Amino acid sequence: GAYPDGPPGDARADPASLVQHCLRRPGKLLYLRIEAKDHPPIERPPMITVDGLAKRFGELWAVDRIAFRVARGELFGFLGPNGAGKTTTISMISGLLKPDEGTVFIGEYNLWESPKAAKRLLGLVPQEPAFYEEFSARENLLFWGGLYGVPRPELKKSSDAILERVGLAERARE
C-alpha cells in the first residue's frame, strides 16, 4: 500500500489518526485498503490492476508512477489533499484521461487496448451528478450508455426498463 514499512503509529487501533496523517502530506496520493479486524483477507483475483500509472501536466507530475491492485468486492479508497492526484487517477482508471505512462487492467482487459470490454466491467460514481439537465431522463440514459458502447437496440430496451424500475417511465421525456 502507501506505506512500505507500515503506516505511522498504530493505524489499526486508530484509523482516524492515519487519515489525519495522510491529509497532512501535501501533494501525496495515498490509497487505503480496509480489512475486517477479526477476519483474514480473502484471496481474490484483481478486478483493477494499475501498474506504473503516471500523468504530467507541464512540469507537474499529477500522478507519479503508482501501482496497486483491487480485488473484486474489496473496499478501496484514495486519500490526499487537493492536488494530490485523486481525480486524475480515477479519470485514468475509468478511461476518461489517457495516462502518459503505465497500464490499467479492468479484469483481464487492458483499458486502452480493449476499452469497450474493460468499461463493461467498470462502474463509476462521480463526485458530481452525472447527468445533463438539458437532457430528458431517457436522453441521459441513452447518452451515457452509448459512451460505454451499449448497442443502440439494447440501450433503448434497457433504458425503458430502468425508467420503469425507478418510477420515471411517465416522465421519461422530461
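A short reminder: the numbers here are calculations on the coordinates, not readings from a lab. Here the structure is a predicted model, which means the values were calculated and not measured. Every residue, glycine as well, gets a Cβ built from its backbone with ideal geometry; the counts of neighbours run over all protein chains shown.
Give the span of region 54-116's Cα atoms along each principal axis, as three whole-Å numbers ordered largest to smallest.
Sorted largest first, the three principal extents are 33, 26, 17 Å.
Rg/Rh for region 53-174: what does it come to with C-alpha atoms and Rh from Kirkwood?
1.03
Quote the FRET efficiency, to the nearest 0.05, computed for ALA169 versus PHE135 with a Förster distance R0 of 22 Å and r equal to the Cβ-Cβ distance.
Details: r = 17 Å, r/R0 = 0.75.
That gives a FRET efficiency of 0.85.
Which cross-chain or sequence-distant (5 or more) residues have an amide H under 5 Å from the amide H of GLU101, H modelled 1.01 Å from N in plane?
ALA54
Which ³J(HN,Hα) values, rounded to whole Hz and listed in residue order, are derived for region 88-105 from phi using the Karplus coefficients 6.51, -1.76 and 1.60 in 6.51 cos²θ - 1.76 cosθ + 1.60 with θ = phi - 60°, glycine and proline given as x?
After applying 6.51 cos²θ - 1.76 cosθ + 1.60, I find 4, 4, 4, 4, 6, 5, 8, x, 7, 9, 7, x, 7, 8, x, 10, 10, 10 Hz.
So which of LYS55/LYS156; LYS119/LYS156; LYS86/LYS119 end up more than 27 Å apart, counting from Cα to Cα?
Pairs exceeding the cut-off: LYS55/LYS156.
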